[in-house]
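Participant: Let me begin by handing over the structure; questions about it come next.
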Amino acid sequence: MLEHLKPLSSLYGISGNEDMVREYIIEKIKDKCEYYTDNLGNLIAFCKGRRSSERKLMIAAHMDEVGMIVTYINSDGTLSFDSVGGINDDVIAGRQVVIYNRNINGVIGSKAVHNMSAEERKQSISVSKLYIDIGTHSKEETEKLVSVGDCISFASQYTELGGGKICSKALDDRAGCAIMIDLINEGTEFDTYFVFTVQEEAGLRGAVTAAFGISPDFAVVLETTTACDIADVSGAKRVCELGRGPVISYMDRRTIYDRELYDLAFHLGEKNNIPCQTKTMVAGGNDAGAIHISKSGVRTIAVSAPCRYLHSPSCVAQYSDIEMCEALVRLLITGINEL
């Protein structure tokens, strides 16, 4: 299971530039299903099940990751940039990055602390005051290597931690993509559409077009979601916890989830010894926000792996949680079709 998680999370693919990820997925599923790429870049696969159903089911996970984009080349050869997706500015200073369409490495730099005023030291660092150093000395030298609009990703490596945890960039949402590759390759009980969406981090854009084109009756969104289970956080603010299984959301900032599907997920989990949890705060959002209001409405559920340090170069997840997400979605494919 999940043999594709490491290579997927190591690939570069910020919102709007998911080509590497899409090409990898196609190579892994091309002999197992029908597939096509829509005009926005979503990869849409149809898996013929062992049984047919009058209900059209769509399972979705997004290919894109948060990152950055070059906005200006400075006189000293450094690069100004802006965020693509929701990145906390405080986590990026000093990080290694790669301008991956040029294969150029760099470091995100900032004013040295001893040059900061007392007031500046109290403030969060803004992207507008950061730059990327690629080792050049002038604007003219950099212009031979990099252009405005080039895509930037964190240059972090997939690492196994203690206690069955893993650390990598882009676990959001390459974990969901890895699960869907597994499900396609093993075959499904019922006909199922699997959609690898684009531009989720930039506003759920791929999900809008994919859901409109497929017009499903039901949808399962595979995601990761913020876990705050660290030492000084208690009660509801922990949101969810690593090691306690899939997170089944009842509501977030974009979606109120289908109550029957919410109950079904917990029922299937309990019946099959898959521990499930829910979020203890209404926060965040995912592709469900676009899918559930498509056309005349889509009955939607989200199944997420809890993940610490989301949208950073070092997301941390529990491998067993992702495995249990896969097991639960496999059950939901049959359970939804038999409602």
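Participant: Taking 2.2 N^0.38 Å as the expected size of a compact globular protein, what ratio does the Cα radius of gyration of segment 213-276 give against it, to two decimals?
Facilitator: 1.30
Participant: Still on this structure, please answer the following. In whole angstrom, and with the biggest value first, how far do the Cα coordinates of segment 26-72 range along each principal axis?
Facilitator: For segment 26-72, the Cα spread along each principal axis is 54, 23, 18 Å.
Participant: Using the heavy atoms of the protein chains and a 1.4 angstrom probe, tell me the accessible area per residue for the chain in square angstrom. Mind showing how you got there, number by number?
Facilitator: Numbers: 14830 Å² over 339 residues.
Per-residue value: 44 Å².
Participant: How far is helix 259-271 tilted, in degrees, relative to the longest principal axis of the Cα atoms in the chain, given as a value from 0 to 90 rounded to the nearest 10?
Facilitator: Helix 259-271 sits roughly 80 degrees off the main axis of the chain.
Participant: Report the per residue volume, in Å³, of the convex hull enclosing the C-alpha atoms of segment 150-221.
Facilitator: Roughly 146 Å³ of hull volume per residue.
Participant: Still on this structure: Where nothing but the Cβ of Lys and Arg (+1) and of Asp and Glu (-1) is charged, how large is the charge dipole of the chain around its Cα centre, in debye to the nearest 20?
Facilitator: 380 debye
Participant: Further question on the same structure: If I model a spin label as a point 7 Å beyond the Cα along the Cα-Cβ vector, how far apart are those points for ARG238 and THR334 in nm?
Facilitator: About 3.3 nm separates the two model spin labels.
Participant: At 1.4 Å probe size, with no ligands or nucleic acids counted, give the accessible surface of MET281 in Å², nearest ten.
Facilitator: Roughly 80 Å² of MET281 is accessible to a 1.4 Å probe.
Participant: Based on the Kirkwood radius over alpha-carbon pairs, what value in µm²/s does the Stokes-Einstein equation return for the translational diffusion coefficient of segment 231-339 at 25 °C and 0.890 mPa s?
Facilitator: Translational D for this selection: 168 µm²/s.
Participant: For the chain, take the convex hull of the Cα atoms, compute a quarter of its surface area, and give me that in nm², please.
Facilitator: For the chain, the mean projected area of the Cα convex hull comes to 18.2 nm².
Participant: Additional query: Please get the size of the charge dipole for segment 271-339, origin at its Cα centre, with Cβ charges of +1 on Lys and Arg and -1 on Asp and Glu, quoted in debye to the nearest 20.
Facilitator: Around 180 debye, computed over segment 271-339.
Participant: How big is the accessible area of THR159 in square angstrom, nearest 10, if you roll a 1.4 angstrom probe over the protein chains?
Facilitator: Estimated to the nearest 10 Å², THR159 gives 60 Å².
Participant: While we're looking at this one, here's another question. With a Förster radius of 45 Å, plug the Cβ-Cβ distance of ARG102 and LYS30 into 1/(1 + (r/R0)^6) and report the FRET value to the nearest 0.05.
Facilitator: Step by step, r from the Cβ atoms, then E = 0.95.
Participant: With r as the distance between the Cβ atoms of GLU140 and ILE230 and R0 = 45 Å, compute the FRET efficiency 1/(1 + (r/R0)^6) and round to 0.05.
Facilitator: Result of the calculation: an efficiency of 0.45.
Participant: Evaluate 2.2 N^0.38 Å with N set to the residue count of segment 42-116, then give the Cα radius of gyration divided by it.
Facilitator: 1.82
The values are calculated or read from the model by the stated rules, or taken from the named source; none is laboratory data. Not measured: the values here are computed from a predicted model. When we count neighbours, we look across all protein chains shown, and the Cβ atoms used for this are built from the backbone with ideal geometry, even at glycine. Quick note on the areas: whole protein, heavy atoms, side chains included, nothing else; ligands and nucleic acids left out. Shrake-Rupley method; radii C 1.70, N 1.55, O 1.52, S 1.80 Å.
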